1. Tell me, please, whether a residue that is surrounded by 19 or more Cβ atoms within 10 Å (Cβ to Cβ), within 13 Å of the ligand (Cβ to nearest atom), more than 20 Å from PHE148 (Cβ to Cβ) and touching a residue at least 40 places away in the same chain (Cβ under 8 Å) can be found in the range 65-80.
2. Can you go through ALA62, ALA40, ALA11 and tell me which one is of a type in the set (Gly, Ala, Ser) and surrounded by 15 or more Cβ atoms within 10 Å (Cβ to Cβ)?
3. Could you name every one of the helices (runs of 4 or more DSSP H) located completely within the range 1-78 that has at least 1 residues being more than 29 Å from ASP187 (Cα to Cα) and among the small types (Gly, Ala, Ser)?
4. How many of the residues making up the range 159-171 are more than 10 Å from LEU125 (Cβ to Cβ) and either in a loop (DSSP other than H, G, I, E, B) or in contact with a strand residue (DSSP E or B) (Cβ under 9 Å, 6 or more places away or on another chain) (or both)?
5. Would you mind stating whether ALA86 is near the ligand (Cβ under 9 Å from one of its atoms) and touching a strand residue (DSSP E or B) at 6+ places or on another chain (Cβ under 9 Å)?
6. Cβ-Cβ distance below 8 Å, separation of 6 or more or different chains: which pairs start in the range 110-128 with a residue that is on the phi > 0 side of the Ramachandran plot and touching a residue at least 12 places away in the same chain (Cβ under 8 Å) and end on one that is within 16 Å of the ligand (Cβ to nearest atom) and part of a helix (DSSP H, G or I)?
7. List, please: which pairs have Cβ atoms under 6 Å, are six or more places apart or on different chains, and start with a residue in the range 3-14 that is closer than 16 Å to ALA96 by Cβ and end with one that is near the ligand (Cβ under 9 Å from one of its atoms) and among the acidic types (Asp, Glu)?
Amino acid sequence: MQDRTLSWYDAVATLYDLGTLGDWFYRAARREAVDRLQLAAGEGVVDLFCGTGVDFPLLREAVGARGTVVGVDGSENMLRCAQRRAERNDARLMHADFSTDAGVRRLTEAMRRHEATAYLFTLGLTCLPGWRAFFRAVYDAALPGARFAIMDGYAERLTLGARFLNWIGAADVRRPVWDELEKRSTDFRKTTRRPLRVFDTDVLDASVVVASGRKPH
Ligand SMILES: C[S@@+](CC[C@H](N)C(=O)[O-])C[C@H]1O[C@@H](n2cnc3c(N)ncnc32)[C@H](O)[C@@H]1O
């Protein structure tokens, strides 16, 4: 049986881009996460939890025409909605449910096939209860020297904003999703934004975190 998070994304897929208001809330952090991958022309990058493909234009721009962009997601409907962006940005789409061993195997096989050197996780790890084991599996399968960037929501406590993000994203933003990368990587960096400040009030009372690091050679 399909996991509940994926059923949620299958149900909301056609509304996702509208609901995120053209990505205004995450746009700056997303750009920062892609920049941190320090992609060069011709490289292969995997966009995990790619959803409707919001990252694809930034990734294609960074790897140029000779590079490879692969988007992987577990929701058939999100992938269907990603189709147009995939065509425009020459990205390959792949279905894999990261909550299953078979899905993780499918992903790691594709990572080897495409000889990817960079991995982007935007707003995905907070959706996956087994995110630690999943991140470790991806990290272990990645080539030495591979770079990783994570952009996601975070709140230490279950604030009103955190409850909202959890509800809208079928997530748990109290997960410190950079933690496994921090333990293993070199050049680890983490920045935190409070994106919804109105005058001196932190309306959302939750952060957006961008973390990055490199697997040692
Ligand atoms: C909040 S969306 C993020 C989409 C995109 N990365 C973005 O930044 O707009 C979370 C995505 O994670 C995917 N996802 C959630 N659980 C998953 C799982 N078990 N396996 C694969 N993808 C999953 C959902 O289908 C959804 O597309």
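What follows is calculated from the coordinates using simple rules that are stated; it is not laboratory data. Predicted model, so just to flag it, every value in this text is computed and none were measured. Virtual Cβ from ideal backbone geometry, glycine too; neighbours counted across all protein chains shown.
1. Scanning the range 65-80, I find at least one residue that is surrounded by 19 or more Cβ atoms within 10 Å (Cβ to Cβ), within 13 Å of the ligand (Cβ to nearest atom), more than 20 Å from PHE148 (Cβ to Cβ) and touching a residue at least 40 places away in the same chain (Cβ under 8 Å), so the answer is yes.
2. Details: ALA40 fails: surrounded by 15 or more Cβ atoms within 10 Å (Cβ to Cβ); ALA11 fails: surrounded by 15 or more Cβ atoms within 10 Å (Cβ to Cβ).
It is ALA62.
3. On the way: elements: 4-12, 16-19, 27-36, 56-63.
Hits in the range 1-78: 4-12, 16-19.
4. First, the residues of the range 159-171 that are more than 10 Å from LEU125 (Cβ to Cβ): 159-170.
So of that shortlist, the ones also either in a loop (DSSP other than H, G, I, E, B) or in contact with a strand residue (DSSP E or B) (Cβ under 9 Å, 6 or more places away or on another chain) (or both) come out as 159, 161-162, 165-166, 169-170.
So the answer is 7.
5. On the way: near the ligand (Cβ under 9 Å from one of its atoms): no; touching a strand residue (DSSP E or B) at 6+ places or on another chain (Cβ under 9 Å): yes.
For ALA86, the condition - near the ligand (Cβ under 9 Å from one of its atoms) and touching a strand residue (DSSP E or B) at 6+ places or on another chain (Cβ under 9 Å) - is not met.
6. Sorted first by the residue in the range 110-128, then by its partner, the pairs are LEU123/GLY169.
7. If the second residue must be near the ligand (Cβ under 9 Å from one of its atoms) and among the acidic types (Asp, Glu), no pairs are left.
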